[in-house]
1. From the list B:Val68, B:Val44, which one is touching a residue at least 12 places away in the same chain (Cβ under 8 Å), more than 7 Å from chain A (Cβ to nearest Cβ) and touching a His at 6+ places or on another chain (Cβ under 9 Å)?
2. Go through region A:256-269 and give me each residue that's part of a helix (DSSP H, G or I) and touching a Leu at 6+ places or on another chain (Cβ under 6 Å).
3. Exactly one of these conditions fails for A:Asn32: (1) more than 8 Å from chain B (Cβ to nearest Cβ); (2) in contact (Cβ under 8 Å) with a residue 12 or more places away in the chain. Give me its number.
4. Which is assigned by TED's automatic domain parsing to the domain that holds A:Leu192, crowded, with 18+ Cβ neighbours inside 10 Å, in contact with an Asp or Glu (Cβ under 8 Å, 6 or more places away or on another chain) and under 30 Å from A:Thr50 (Cβ atoms), of A:Ser304, A:Ser255?
5. Collect the residues in region A:261-280 that are within 26 Å of A:Phe212 (Cα to Cα), surrounded by fewer than 24 Cβ atoms within 10 Å (Cβ to Cβ) and either touching a residue at least 24 places away in the same chain (Cβ under 8 Å) or of a type in the set (Asp, Glu) (or both), keeping them in residue-number order.
6. Return the only residue of A:Val119, A:Val210, A:Val107 being among the β-branched types (Val, Ile, Thr), modelled with pLDDT of 80 or more and closer than 24 Å to B:Ser70 by Cβ.
Amino acid sequence: MTAIAAIRQRDLFAVVMLFGIYSLLTAGLFMNLDAVDVAFTEAAVGAGTTTVLMLSTLRLTGRYQRRSSHSPLLPLLVVTVTGAALVYGTLDAPLLGDPGAPAHQHVAPRYIESGLKEVGTPNLVTAVLASYRGYDTLGETLVIFTAGLAVLLLLGVTPCVSQRPQAEPLDDQAVLKLVVKVLIPLVLLYGLYVQFHGDYGAGGGFQAGVIFATGFVLYGLVFGDGNVQRVLPPHGLRRLAACGVLLYGGVGLVSLFRGGAFLDYDQLATDPIAGQHLGIFLVELGVGLNVFAVVMLIFFAFSSRRGEP
Amino acid sequence: MNSILGLFNYWIVIFLMMTGFYVVIAQGNLVKKLVGLGLFQASVFLLYISMGKVEGGHAPIIDAFNRVYSNPLPHVLILTAIVVGVATLAVGLALIVRIQDAYGSVEEDDIQAHDNEADSD
C-alpha cells in the first residue's frame with residue numbers, strides 16, 4: 001500500500017521516503033520467505049543507499065513534480081489489460097511453498113545435498129554465489145564496476161580535498177552528530193563481521209560492501225564530504241574498485257594455471273575444502289572491495305555537484 | 001480455497017509490477033519514472049524469492065536440526081540483482097542530472113518541447 005501512496009504523491013521528497021519504507025517492508029517479507037541474505041541486502045541497499053542517492057538527485061533537479069497534462073486513462077487501460085493477462089497466466093503456476101515446483105527440481109537439490117561436502121560452507125547462499133555460480137558473480141561484479149565508471153563519466157568527481165576543512169553542514173545539530181559518532185564504529189565493525197562471517201551466517205561481500213559504505217556515507221552527510229575525502233580520496237577509490245575486480249579475476253586465473261578450470265577453487269590448496277575456503281574468502285573480499293568503492297564513488301559523484309547552481 | 005491462497009503471492013507481485021509499470025508510462029517526471037522502475041524491479045525480486053520458498057523450509061544455512069531448506073538459487077540471483085540494481089539506478093539518476101543540466105527540466109513534456117523547437121530551427 002506504500003507503493004500506492006508513493007505514486008499518488010507529487011512531492012518527490014515524500015515519494016523517496018515512502019520508497020525507502022517500501023524497501024524495508026520488502027526486506028521483512030524476504031525474511032519471512034526464508035531469504036535472510038536477500039533481506040539483509042535489500043535493507044542495506046534499498047532503505048539506505050538508494051534513498052541517499054535519490055535525495056542527492058532531488059537536490060539537483062527540484063522537489064516538486066508538475067501535474068501531468070496527459071489523461072491517465074490510456075495507461076491505466078494498458079496496465080489493467082497486461083495485469084489481467086498475467087493473472088490469467090498464474091492460474092496454472094505452482095502454489096506457494098509447493099516442494100514439487102519445477103524451480104526446486106533441477107540443480108537446487110544438488111546444491112542443498114552436496115553443498116556442505118563439496119564447498120564446506122554452511123551458508124548455501126554463499127556456496128552457490130561464490131563457488132557453483134562463480135561466473136555469474138564475476139559478471140555481476142563487472143556490471144557494478146561498469147556502472148560506477150558510467151556514473152563517473154557522466155558526473156565526474158571534483159575533488160574538494162585541497163579546500164580548507166569544510167564548514168560542517170550540520171553545525172548546530174549536536175545530538176545528531178553525537179549519535180552518528182557513536183553509530184559509525186558499530187556500522188563499520190558490523191560490515192567487517194558480515195564480510196568475514198559470510199561463510200557461516202548470513203552475509204557476504206555484497207552486503208558488507210554496502211554496509212561499510214553506508215557508514216562512510218553517514219559520516220559524509222553529517223560532517224561534510226571534504227572530511228571523508230581526506231580519508232578516502234576518490235583516485236584511491238577508483239583503484240580500489242579495479243583491485244576488487246582484478247582480485248576476483250586473479251583467483252580465477254590462478255586456479256586456471258594450477259591445472260583446474262577457471263574459478264575452480266579446489267586447485268588453490270592441496271585439500272579441496274581448504275582451497276574452496278581460500279577461494280571464497282578471496283572472491284568475497286574482491287566483491288566487497290569493489291562494491292564498497294563503487295558505492296562511495298557514486299555518492300561522491302552526486303554530492304560533489306551539490307554546490308553548483 | 002487452497003489454490004487462492006497459494007496463488008495470492010503471484011497476484012501481489014503482479015499488482016506491484018503493474019503499479020510500477022503505470023508510473024513509468026503515465027507520469028512525466030523522470031525521477032518518478034525511476035521510482036516506478038524500482039517498484040517494478042522489487043516486484044520481480046519478490047516473485048523470485050516466493051518461488052524459492054518451500055513449505056516448512058528454513059533459511060538455507062545448514063545446521064544440525066533442520067532437514068528442509070528453501071531453495072538457495074533464487075536467493076543468490078536476487079541478492080546480486082539488488083546490488084546491481086542500485087548501481088544501475090545510480091546510472092539512471094546520473095543521466096537525469098545531466099538532462100537537468102542540458103534542458104533545465106526533468107519533465108518529459110518540457111524536454112520534448114525543447115527538442116521540437118531545436119528540430120524546427
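The values are calculated or read from the model by the stated rules, or taken from the named source; none is laboratory data. Just so it is clear, the model here is predicted, and its values are computed rather than measured. Ideal geometry is used to build each Cβ from the backbone, glycine not excepted, and the neighbour counts take in all protein chains shown.
1. Values: B:Val44 fails: touching a His at 6+ places or on another chain (Cβ under 9 Å).
One residue alone meets the criteria, B:Val68.
2. In the first step, residues of region A:256-269 are kept if they are part of a helix (DSSP H, G or I); the result is A:256-257, A:265-268.
Residue satisfying the conditions is A:Leu268 alone.
3. (2)
4. Values: A:Ser255 fails: under 30 Å from A:Thr50 (Cβ atoms).
The match here is A:Ser304.
5. Let us first name the residues in region A:261-280 that are within 26 Å of A:Phe212 (Cα to Cα), namely A:276-280.
Within this subset, residues satisfying the condition of being surrounded by fewer than 24 Cβ atoms within 10 Å (Cβ to Cβ) are A:276-278.
A:Gln276, A:His277, listed by residue number.
6. Values: A:Val119 fails: modelled with pLDDT of 80 or more; A:Val107 fails: modelled with pLDDT of 80 or more.
Among A:Val119, A:Val210, A:Val107, only A:Val210 is among the β-branched types (Val, Ile, Thr), modelled with pLDDT of 80 or more and closer than 24 Å to B:Ser70 by Cβ.
This table checks each residue for (1) of a type outside the set (Gly, Ala, Ser); (2) in the same structural domain as A:Leu189 (by TED's automatic domain parsing); (3) surrounded by fewer than 16 Cβ atoms within 10 Å (Cβ to Cβ).
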{"site": "A:Gly220", "(1), (2), (3)": "no, yes, no"}
{"site": "A:Leu232", "(1), (2), (3)": "yes, yes, no"}
{"site": "A:Leu247", "(1), (2), (3)": "yes, yes, no"}
{"site": "A:Gly259", "(1), (2), (3)": "no, yes, yes"}
{"site": "A:Glu284", "(1), (2), (3)": "yes, yes, no"}
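Each row is one residue, and each column tells you yes or no for (1) of a type in the set (Lys, Arg); (2) under 15 Å from the mean Cα position of the chain (by Cα).
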site: B:Leu16; (1), (2): no, yes
site: B:Val24; (1), (2): no, yes
site: B:Leu37; (1), (2): no, yes
site: B:Val44; (1), (2): no, yes
site: B:Leu47; (1), (2): no, yes
site: B:Lys53; (1), (2): yes, no
site: B:Val86; (1), (2): no, yes
site: B:Gln100; (1), (2): no, no
site: B:Asp110; (1), (2): no, no
